[in-house]
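Trainee: Once you've had a glance at the structure underneath, I'll fire off some questions.
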Amino acid sequence: MAQEYVDTKIQADKVVIFIKESCPYCVQVQDVLNKYDFKQGKLEIHDITGHADMKAIQDYFHNKTGAKTVPRVFIGTECVGGGSDVKQLHDNAVLKDKLIAIGAI
């Protein structure tokens with residue numbers, strides 16, 4: 001169930017973020033991504049707070065990405081990490097190119 005939940009959300013032409021509402025790194029990643037003008041439907045945020053399978057989802061993140069923490073950010077099918085990772089990509093002027101490459105902006 002957790003694998004299906006995660007894998008059906010991730011798409012090659014979208015940025016997908018899995019968050020928990022009270023997580024400061026989740027707020028950070030949303031602040032960074034709000035700097036970009038996404039095409040309609042190309043940015044999806046999924047809050048797993050209180051999800052019935054939250055623990056299983058985070059366990060699956062660990063299997064899929066090497067970390068079970070949120071946020072888990074996927075640009076296309078690539079997991080680029082969490083909040084600090086996305087901020088670093090932005091600060092190093094790499095994030096915009098990744099977003100352009102998948103047609104998200």
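Trainee: Would you point out the residue of segment 11-24, among those that are touching a strand residue (DSSP E or B) at 6+ places or on another chain (Cβ under 9 Å) and under 15 Å from S84 (Cα atoms), that is surrounded by the most Cβ atoms within 10 Å (Cβ to Cβ)?
Mentor: Among them, the one singled out is F18.
Trainee: Only one of V32, V15 is in contact (Cβ under 8 Å) with a residue 60 or more places away in the chain and touching a His at 6+ places or on another chain (Cβ under 9 Å). Can you tell me which?
Mentor: One residue alone meets the criteria, V32.
Trainee: Among the residues of segment 68-85, write down those that are within 20 Å of K39 (Cα to Cα) and either loosely packed, with under 13 Cβ neighbours inside 10 Å or in contact (Cβ under 8 Å) with a residue 40 or more places away in the chain (or both).
Mentor: Scanning segment 68-85 gives V73, F74, I75, G76, T77.
Trainee: What is the one condition in (1) part of a loop (DSSP other than H, G, I, E, B); (2) surrounded by 14 or more Cβ atoms within 10 Å (Cβ to Cβ); (3) in contact (Cβ under 8 Å) with a residue 40 or more places away in the chain; (4) under 14 Å from the mean Cα position of the chain (by Cα) that I105 does not satisfy?
Mentor: With respect to (1) part of a loop (DSSP other than H, G, I, E, B); (2) surrounded by 14 or more Cβ atoms within 10 Å (Cβ to Cβ); (3) in contact (Cβ under 8 Å) with a residue 40 or more places away in the chain; (4) under 14 Å from the mean Cα position of the chain (by Cα), I105 is out only on (4).
Trainee: Pick out the one residue from Q88, Q58 that is of a type in the set (S, T, N, Q) and either closer than 14 Å to A2 by Cα or surrounded by 17 or more Cβ atoms within 10 Å (Cβ to Cβ) (or both).
Mentor: So the residue among Q88, Q58 that is of a type in the set (S, T, N, Q) and either closer than 14 Å to A2 by Cα or surrounded by 17 or more Cβ atoms within 10 Å (Cβ to Cβ) (or both) is Q58.
Trainee: Scan segment 63-102 for residues that are of a type in the set (S, T, N, Q) and either under 22 Å from Q40 (Cβ atoms) or not in a helix (DSSP H, G or I) (or both) and jot them down.
Mentor: T69, T77, N92, listed by residue number.
No lab work stands behind these numbers, since they all come straight from the coordinates. Values in this document were obtained by computation on a predicted structure and should not be read as measured data. Backbone-built Cβ (ideal geometry, glycine too); neighbour counts: all protein chains shown.
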